[in-house]
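Trainee: What follows is a structure written as structure tokens; I'll ask about it next.
The values are calculated or read from the model by the stated rules, or taken from the named source; none is laboratory data. Remember, it's a predicted structure, so these values are computed and weren't measured experimentally. Virtual Cβ from ideal backbone geometry, glycine too; neighbours counted across all protein chains shown.
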Amino acid sequence: MPGTVWSGQKSRPRRRRGKSRRTVPSGCARRSKVRPVDYEINANKYWNDFYKIHENGFFKDRHWLFTEFPELAPSQNQNHLKDLLSENKGSEVPVCRSSEDGSGLIIEEQHSCSSVSLGHKTQPPPVEENVTQKLRHLEICADEFPGSSATYRILEVGCGVGNTVFPILQTNNDPRLFVYCCDFSSTAVELVQTNSAYDPSRCFAFVHDLCDEDKSYPVPGDSLDVIILIFVLSAIIPDKMQKAINRLSRLLKPGGMMLLRDYGRYDMAQLRFKKGQCLSENFYVRGDGTRVYFFTQDELDTLFTTAGLEKVQNLVDRRLQVNRGKQLTMYRVWIQCKYRKPLLSSTS
């Protein structure tokens, strides 16, 4: 990818002789001999086997969460909706982000800033709508479900063994916070529940298939403040992604946020897949049977906006990782997104 700027790029280690240069994959000409449906049917088995082998030793706790997603920080929880309301008091000229983010992220913004009608103030919601929202809130609180008494609720989908959930719980001691976490693998959920840091009074871990349209989440609609998707959407079949995001969107409160970090197109992992590992366009199967998709910014923007969410952030994070001992240069490409559920309906 000529002309691409990589974060942390200084000098490249000398390439070993005899190794051919990998080229950017063109489509998916070399398909897997195994039927893709077989991996879909056995997906649960593959992920359970993965966690039985690695347990909690494969992934590290994601302490970078609060840098990339300050919405998860304790101070943000109390003033999230208050700040959101103040932002909507008047229209402001949108400011496009520069190509370099303060956190070291290299941004390739493919979308212009959202247009705002200048000179027109946002009208406050009608009294009837305020009453309706309050009644809806009371209705949710009246129902008995885990964390029903909490005032700030976070759901992580695809929690694995808790590398996101436990840093959140350890950092945020607010008694009004409740964290839900689910995973496709019953083995992973069991590892979360048996972890010494797991507190049922502050957290609820459960098994859930993101693609199962008939299985509901243990929380009512419009009840969650934040939904986290970290390297999980890429693990499901592309044809089922939109419906999965649609269902999650309905769980968010007005003003609630969906946070995503996942694999970007032409990440090192995509370039290293061998012949026969491609299931469909940009969708691959690993050696252990688990699958992965590599996104573009436009694809993710379409998924979220189709679900009725508004873009807050959609950027590419490129990192150059060098292992000097093995003389390996690794170009990582991730996409980070923040999309918000509108405070007001489009008809109001």
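Trainee: Starting from segment 152-178, take each residue that is more than 18 Å from Ser234 (Cβ to Cβ) and without any contact (Cβ under 8 Å) to a residue 24 or more places away in the chain and list its partners that are part of a helix (DSSP H, G or I) and among the β-branched types (Val, Ile, Thr), counting only C-beta distances under 7 angstrom and pairs at least six apart or across chains.
Mentor: From segment 152-178, no pairs qualify.
Trainee: Next up: How about segment 200-231: which of its residues are acidic (Asp, Glu) and touching a helix residue (DSSP H, G or I) at 6+ places or on another chain (Cβ under 7 Å)?
Mentor: Within segment 200-231, Glu213, Asp222, Asp225 meet the criteria.
Trainee: Same structure again: Does Pro125 satisfy the condition of being part of a loop (DSSP other than H, G, I, E, B), closer than 20 Å to Leu309 by Cβ, modelled with pLDDT under 90 and not β-branched (Val, Ile, Thr)?
Mentor: Details: part of a loop (DSSP other than H, G, I, E, B): yes; closer than 20 Å to Leu309 by Cβ: yes; modelled with pLDDT under 90: yes; not β-branched (Val, Ile, Thr): yes.
Taking the combined requirement at face value, the residue satisfies it.
Trainee: Quick one: which of Asp317, Asp288, Asp298 is within 21 Å of the chain's Cα centre (by Cα), surrounded by fewer than 18 Cβ atoms within 10 Å (Cβ to Cβ) and touching a residue at least 24 places away in the same chain (Cβ under 8 Å)? Working first, answer last.
Mentor: Details: Asp317 fails: surrounded by fewer than 18 Cβ atoms within 10 Å (Cβ to Cβ); Asp288 fails: within 21 Å of the chain's Cα centre (by Cα).
Within the list Asp317, Asp288, Asp298, the selection yields Asp298.
Trainee: Answer yes or no: is there a residue in segment 328-337 that is without any contact (Cβ under 8 Å) to a residue 40 or more places away in the chain and out of contact with any helix residue (DSSP H, G or I) (no Cβ under 9 Å at 6 or more places or on another chain).
Mentor: No: zero hits.
Trainee: Then there is this: Please work out which residue is nearest to the chain's Cα centre (by Cα), limiting yourself to segment 235-246 and to residues that are modelled with pLDDT of 95 or more and within 24 Å of Leu65 (Cβ to Cβ).
Mentor: That would be Ile245.
Trainee: Out of Gly256, Gly264, report the one residue that is closer than 24 Å to Asp317 by Cα, within 13 Å of the chain's Cα centre (by Cα) and not aromatic (Phe, Trp, Tyr). Explain how you work it out, then say what you get.
Mentor: Details: Gly256 fails: within 13 Å of the chain's Cα centre (by Cα).
On inspection, the qualifying residue turns out to be Gly264.
Trainee: If Leu309 passes every condition in (1) within 17 Å of Ile236 (Cα to Cα); (2) in contact with a strand residue (DSSP E or B) (Cβ under 8 Å, 6 or more places away or on another chain); (3) touching a residue at least 24 places away in the same chain (Cβ under 8 Å); (4) buried (at least 19 other Cβ atoms within 10 Å of the Cβ) but one, which one does it miss?
Mentor: In the conditions (1) within 17 Å of Ile236 (Cα to Cα); (2) in contact with a strand residue (DSSP E or B) (Cβ under 8 Å, 6 or more places away or on another chain); (3) touching a residue at least 24 places away in the same chain (Cβ under 8 Å); (4) buried (at least 19 other Cβ atoms within 10 Å of the Cβ), Leu309 misses (1) alone.
Trainee: Is it the case, given these coordinates, that Leu279 is among the aliphatic types (A, V, I, L, M), farther than 19 Å from Phe184 by Cβ and either touching a Pro at 6+ places or on another chain (Cβ under 7 Å) or at pLDDT 95 or above (or both)?
Mentor: no
Trainee: Enumerate the strands (runs of 3 or more DSSP E) found wholly within segment 282-348, keeping only those where 3 or more residues are at pLDDT 95 or above.
Mentor: 310-323, 328-340
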